[in-house]
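Right, one structure below, let's go through it.
Computed from the coordinates by the stated procedures, all read-outs in this text should not be read as laboratory data. All values derive from a computational prediction rather than experimental measurement. All Cβ positions, glycine included, derive from the backbone under ideal geometry; neighbour counts span all protein chains shown.
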Amino acid sequence: MKKKILLLATLTLLLTGCGQTPKLKNGEEVLVELSDGTKYSVDEIWKEFKEDYAIDIILKKIDTKLLEEEFKDSKSDIDEYVKAMETNMRANYETEEQFLNALQYYGYSSLEDYLDMVRANRLRTLLTNEFAKSQVTDKEIEKYYKEEIVGDIEAVHILVTPSGTDKESDTKAKEKATEIINAIKKDIKSGTSAIDAFNKYKDDDDVKFEELKRFTKGDNVTEFDDAAFALKTNQYTTSPIKTSYGYHVILKTKEYEKEKLDDMKDEIKTTLAEEKIENDSTMQAQALNDLRKKNNIKINDKDLERAYNKYMNYQLNQDK
């Protein structure tokens, strides 16, 4: 970062001029002279600057302008977000001096520099989310609805928690859960209803008995939900379900009709967009590239144009 700042400052001096500048025979201005007579011209330094640094600076300016215009209606929300990030950052340090020193340590020249970064990242995130949503098709939404969306359910479960973290405690808890399943099977075989067989463990101090009222998939740990939602109504798990809490025996007691597709489209689209972003590291680059194209960005300098095309080729193909 410091190198870029130094080069930018140098470039500014070159373009604005500062007093009489020596010239080469071809008329180019001399920027630096060495004692052995070596001379570096403005054009020479500018050419290298264009190839290595100019695109970063130019795109930062362009993208900032385009993004602020794109999300101008969300300015107050973005301002609040930036302020909250500053507050959270400050909370880690006791004094203003410590805070500013930390910013410098992480490469920010000032608080303003840090907040500009926070704002830019927020704007890019908003753009990426919107772009990813635009890539979600109706066919994908319908497929997700058919395969992933289920109605809410109710259930009861019996939890056996290991007494310790060692292997022996875990084994004993699993064996206890297996014993409970076998006892429930025996009760049901003798004519007891499944719910009554489970209810026998309500007052058992060695286990935790819990009635779960209406809940949706994702409300509980994945292993529990996967097992519970796979059951039919009044069906129970015939082997212990292990989670971070211990071993569960689950009975599904009720199932609700799932919501209509039209009522869930926006929610599903958001979910699928998040998956696209997670699975494609080029999504943000695609979003920014799309925004620039919509605004007809034209690069008149051929060297800069080549540098930009090379940069975008890398950004759009880095994980392929």
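Packing-based ranking of 104-111, 278-285 yields 278-285, 104-111, ordered from highest to lowest mean Cβ neighbour count within 10 Å. With a cut-off of 18 Å on the backbone N, the residues of segment 26-59 near the modelled label site 7 Å out from TYR314 along Cα-Cβ are 47-59.
Give, rounded to the nearest 20 debye, the magnitude of the charge dipole that the chain has about its Cα centre when Lys and Arg contribute +1 at Cβ and Asp and Glu contribute -1 at Cβ. Result for the chain is approximately 780 debye, rounded to the nearest 20. Extension gain for the segment VAL30 to GLU94, taken as residue separation times 0.36 nm less the Cα-Cα distance, is 18.1 nm to one decimal. In a reduced charge model with +1 at each Lys and Arg Cβ and -1 at each Asp and Glu Cβ, segment 151-255 shows a dipole moment near 360 debye about its Cα centre.
Placing unit charges on the Cβ atoms of the charged side chains and taking the dipole of segment 151-255 about its Cα centre, the candidate lying farthest along the positive direction among VAL249, THR237, ALA173 is THR237. With 23 Å as the limit, the listed pairs LYS276/LYS298; LYS72/LYS293; LYS50/LYS72 have LYS276/LYS298; LYS50/LYS72 beyond it between alpha carbons. Positive end of the dipole of the chain (Cβ unit charges, origin at the Cα centre): among THR95, ILE268, ALA285, the Cα lying farthest that way belongs to ALA285. For LYS65, the aspartates and glutamates whose Cα comes closer than 19 Å to its Cα, not counting residues fewer than 8 places off in the same chain, are ASP56, ASP73, ASP77, ASP79, GLU112, ASP113, ASP116, GLU130, ASP290. Pairs over the 18 Å Cα-Cα cut-off, from the set LYS232/LYS252; LYS172/LYS213; LYS146/LYS254: LYS172/LYS213; LYS146/LYS254. About its Cα centre, segment 59-112 has a charge dipole of approximately 200 debye under the convention of +1 per Lys or Arg Cβ and -1 per Asp or Glu Cβ, with nothing else charged.
Relative protection proxy for 296-303, 248-255, from highest mean packing down: 248-255, 296-303 (other beta-carbon atoms within 10 angstrom). Membrane-span-like helices in the chain, defined here as complete DSSP H runs extending at least 18 Å along the helix axis by their C-alpha atoms with mean Kyte-Doolittle hydropathy no lower than -1.0, are 2-16, 55-70, 111-134; this is a sequence and geometry rule, not a statement about a membrane. Among the aspartates and glutamates, which fall within straight-line cross-link reach of LYS200, defined as a Cα-Cα distance under 15 Å, with same-chain neighbours fewer than 8 residues apart omitted? Cross-link targets: GLU179, ASP187, GLU210, GLU211. Sorting the segments 31-39, 92-100 by their mean number of nearby beta carbons within 10 angstrom, highest to lowest, gives 92-100, 31-39. For TYR40 and GLU140, a Förster radius of 45 Å and the Cβ-Cβ distance give a FRET efficiency of 0.20, rounded to the nearest 0.05.
Note on LYS254 and THR165: with the Förster distance fixed at 30 Å, the Cβ-Cβ geometry gives a FRET efficiency of about 0.30. Computed over the chain, relative contact order equals 19 percent, with contacts defined as Cα pairs under 8 Å that lie 6+ residues apart.
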